[in-house]
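All remarks here apply to the structure that follows.
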Amino acid sequence: MGLSPRAQKVQDSLKAKGFSLEVVELPDSTRTAAEAAQAIGCQVGQIVKSLVFKTRQTERPVLVLASGSNRVDEQKIERLAGEPVGKADAEFVRRHTGFAIGGVPPLGHDTPLETLIDEDLLKYEEVWAAAGTPHAVFRLRPTDLEEMTGGQVVSIT
């Protein structure tokens, strides 16, 4: 059986960018970092949380790819974004990424996103990212995140 349409979109995006990484769909939810780590059998820190923030003045999306064990310091994100930010609501996330909260991948979005990558992810040999649905993930090297997103590695805690 093939992948669901959203997971297939992520698989196609990976292939288009030259990555031979495989999207897998799991029976258990991967909506939260803890659920994902449990379903995969890895440490929570190895889960790439995709958090979308909305800048308050220009209303642009900022994607933060954070280690599952870290809490994002919004003031740091504000400094990096150059203006105040807030967590984006579900409609804003879907409109800018094409995906629902809980399944936002690091790539394959409907519009290009400014992306910030948690430096703590680089401590791991491999990490797991969402792949379009709350049940889909893919395994990658943390350095792949920079290449596939054009994102900036920063301290987010």
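Brief remarks on what is shown
- Count of the stretch 10-20 residues which are within 22 Å of I117 (Cβ to Cβ), surrounded by fewer than 18 Cβ atoms within 10 Å (Cβ to Cβ) and either touching a Ser or Thr at 6+ places or on another chain (Cβ under 8 Å) or not aromatic (F, W, Y) (or both): 5
- Restricting the stretch 57-81 to residues that are over 17 Å from the mean Cα position of the chain (by Cα) and exposed (fewer than 13 other Cβ atoms within 10 Å of the Cβ) leaves a set whose member that is nearest to T133 (Cα to Cα) is E59.
- Selection from the stretch 69-92 of residues that are of a type in the set (A, V, I, L, M) and free of Cβ contacts under 8 Å to residues at least 12 places away in the same chain: A90
- Checking each residue in the stretch 39-54 for being under 14 Å from the mean Cα position of the chain (by Cα) and not in a helix (DSSP H, G or I) picks out I47, V48, K49, S50, L51, V52, F53.
- Filter result (in contact with a helix residue (DSSP H, G or I) (Cβ under 8 Å, 6 or more places away or on another chain), surrounded by 22 or more Cβ atoms within 10 Å (Cβ to Cβ) and not aromatic (F, W, Y)) within the stretch 89-106: G103, V104, P105, P106
- R95 passes every criterion in (1) in contact (Cβ under 8 Å) with a residue 40 or more places away in the chain; (2) closer than 18 Å to K9 by Cα; (3) not hydrophobic (A, V, I, L, M, F, W, C) apart from (1).
- Residue count for the stretch 111-151 under the criterion of being surrounded by fewer than 23 Cβ atoms within 10 Å (Cβ to Cβ), touching a helix residue (DSSP H, G or I) at 6+ places or on another chain (Cβ under 6 Å) and closer than 18 Å to D12 by Cβ: the result is 1.
All of the numbers you see were taken from the coordinates with simple rules; none came from a lab. Source: prediction; values computed, not measured. When we count neighbours, we look across all protein chains shown, and the Cβ atoms used for this are built from the backbone with ideal geometry, even at glycine.
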